[in-house]
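Remarks on the structure that follows.
The values are calculated or read from the model by the stated rules, or taken from the named source; none is laboratory data. Since this is a predicted model, take the numbers as computed values, not measurements. Note that we place each Cβ from the backbone using ideal geometry, even for glycine, and neighbour counts take in every protein chain shown.
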Amino acid sequence: MAKASATVTVNPQHDGNTLRDGLHRDRVTDPCSIVFFGASGDLFKRMLLPAVYALRLNGTLSNDFALVGYSRSNYTDESFREYCKQQLDEFAPADQKPKGAIWDDFARRISYMSADFDDVKCYEALKKRLDENDAQLGTAHNRLFYLSTPPSVFPEIIKHIKAAGIDPRTHVKGWTRIVVEKPFGTDLLSARALQQTVERAFDERSVYRIDHYLGKEPVQDIMALRFANTIFEPVWNRNYVQSVQITAAEQLGVELRGGYYDNAGALRDMIQNHVMNLLALVAMEPPASSDADAIRNEKFKVLSAIAPPTHEDVASMSARGQYGPGSIDGKPAIGYRAEQDVDPASNTETFAAVRLHVDSWRWAGVPFYLRSGKRLARKVSEIAVTFKPIPHRLYGESTDTIEPNVLVIKIQPEEGVTMRFEAKVPGPKSHIRSVFMDFNYGSGFGVQSPPAYERLIGDAIRGDQTLFTRWDAVERAWEIVTPILDVWEHTKDFTFPNYPAGGQGPESAAKLFPEWRAL
Ligand code: BG6
């Protein structure tokens, strides 16, 4: 354990760019120890560590913090600090590389425990380490446990945290919180079993189920767009909306995660969590306040208004696909079944599309189309709200098509909002064609959005659960997808592979909904 020395304070100043007016630095977090279980893994080095360091650099993280890496790999405190430095050198953005007095102060607050996940003695040693942090680094008895291990070890970690006496119910000084990475269970039953384990150790207000999509700035803006403007809300309902389509498309394949993905598939990996959360935000009623539970109550109500399909319905309300060989950006790409750690006869879907209905006063009769897939033509996540056609045609030459208005919330890679509407083409004739109003975060605010993990880790330390998924919503999302999973798991799709890498997805998706926006 490094000895305490003078702390380094970081305090960025406003740089005079008026586009940045209204941008605030988050309030400084409480002092705390953050324990990363699975600290030698990929997520830690690529996302979590750079996020914590960024919070330190931008002054959001309290000066009195400690980072404890907990994993099976063999590091000492010293070699783990060196490892962290190398990972930041590789994965942190160019202006957030580890250097100078800030890095030296950060480094001395890092320690490592080379430990087993199923050995209670290791957790007792962890408790001792956390007590030392309180005494030597001023972490004020506050603890954030971050589970970024494979999900199979979540239950034993949670049980042992409780057994070692570091759970929130016995720990009375300060707070104890737990962040659980997705997937929260692999189906309805396993999610319920995991929840029972969680409940035995933690109250819901201490549990932060992470869905990194909720930390993306444009996703947070969905509520601002709807509830901080007057023009959208009056038309945000069945009277004006024809359909809603939500897309989370990737160009990447399964990379090195074939082992995990072949047991998961697109419906579990993306639709049950990220895409359902988007649906809930776009369809929810205005919450009574901006309080975390007021918002999460409304999100849950949306999911409760979606009837899970019957097994008989599944064929007509869903489409699945698996990529075969093809090409991405002009370069040949192998098919899914040839990927590392994937069964060469795999029946796992790498593309899923579903049609859902929110049976509420606001949304009765409006279809919500959701799709997600890997190895598609381009990476794009967006929500497109298509409005009803005009009731009576007055303008345009007879050959012109008058397109419906579409509002697109662009989540990535572009971040912003686009509205498509019809305008007269300049000239003597009254031709009509579509034009766009475009808002872009980068040019609108003059900053890049912070990475999702930075926001979410900061919120967990501050105790703000708004952007974390509550258990009732997780359970409901599993209830909705379970009948589809059941049918897909028990019926082989003999058309697989049914779309080429780099394509638009399977034809069955186009049959489900011919009006998907092109990828
Ligand atoms: C993860 C999935 O939750 O989200 C991955 O497990 C997927 O399979 C990733 O690639 C996509 O995240 P993003 O932020 O790149 O859209």
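Computed quantities for the displayed model
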read-out	value
Residue match in region 71-93 (condition: touching a strand residue (DSSP E or B) at 6+ places or on another chain (Cβ under 9 Å) and part of a strand (DSSP E or B))	yes
Pick from region 346-392, criterion more than 16 Å from the ligand (Cβ to nearest atom) and polar (S, T, N, Q), ranking: surrounded by the most Cβ atoms within 10 Å (Cβ to Cβ)	Thr386
In region 213-227, the residues that are more than 12 Å from the ligand (Cβ to nearest atom) and either modelled with pLDDT of 95 or more or not acidic (Asp, Glu) (or both)	Gln220, Ile222, Met223, Ala224, Leu225, Arg226, Phe227
Unmet criterion (only one of (1) basic (Lys, Arg); (2) farther than 24 Å from Leu55 by Cβ; (3) within 16 Å of the ligand (Cβ to nearest atom)) for Lys429	(3)
Qualifying position, being within 16 Å of the ligand (Cβ to nearest atom) and either of a type in the set (A, V, I, L, M, F, W, C) or under 30 Å from Leu407 (Cβ atoms) (or both), among Ala191, Ala135	Ala191
Tabulated pairs, region 440-458, first on the phi > 0 side of the Ramachandran plot, second more than 13 Å from the ligand (Cβ to nearest atom) and among the hydroxyl-bearing types (Ser, Thr, Tyr), C-beta under 9 angstrom, 6+ apart or interchain	Gly446/Thr18
Of all residues making up region 185-232, the number that are assigned to a loop (DSSP other than H, G, I, E, B), surrounded by 19 or more Cβ atoms within 10 Å (Cβ to Cβ) and under 19 Å from the mean Cα position of the chain (by Cα)	4
Ala280 of a type in the set (Gly, Ala, Ser), assigned to a helix (DSSP H, G or I) and either crowded, with 24+ Cβ neighbours inside 10 Å or away from the ligand (no atom under 16 Å from the Cβ) (or both)	yes
Count of region 304-345 residues which are surrounded by 20 or more Cβ atoms within 10 Å (Cβ to Cβ), touching a helix residue (DSSP H, G or I) at 6+ places or on another chain (Cβ under 8 Å) and of a type in the set (Ser, Thr, Tyr)	2
Residue list for region 233-258, filter: exposed (fewer than 15 other Cβ atoms within 10 Å of the Cβ) and within 16 Å of the ligand (Cβ to nearest atom)	Leu252, Glu255, Leu256
Matching residues in region 490-504 - criterion: being touching a residue at least 12 places away in the same chain (Cβ under 8 Å) and assigned to a helix (DSSP H, G or I)	none
Single residue of region 317-361 satisfying the filter (without any contact (Cβ under 8 Å) to a residue 12 or more places away in the chain and in a strand (DSSP E or B)) that is nearest to Thr491 (Cα to Cα)	Pro332
Boolean, Ala364 is among the small types (Gly, Ala, Ser), in a loop (DSSP other than H, G, I, E, B) and farther than 25 Å from Val435 by Cα	yes
When residues of region 123-141 are limited to those that are under 20 Å from Asn74 (Cβ atoms) and in contact with a strand residue (DSSP E or B) (Cβ under 7 Å, 6 or more places away or on another chain), the one surrounded by the most Cβ atoms within 10 Å (Cβ to Cβ)	Leu126
Within region 266-276, considering residues that are under 19 Å from Asp486 (Cα atoms) and within 10 Å of the ligand (Cβ to nearest atom), the one surrounded by the fewest Cβ atoms within 10 Å (Cβ to Cβ)	Arg268
Extreme residue, farthest from the chain's Cα centre (by Cα), among residues of region 72-92 that are farther than 14 Å from Ser40 by Cβ and exposed (fewer than 13 other Cβ atoms within 10 Å of the Cβ)	Asp89
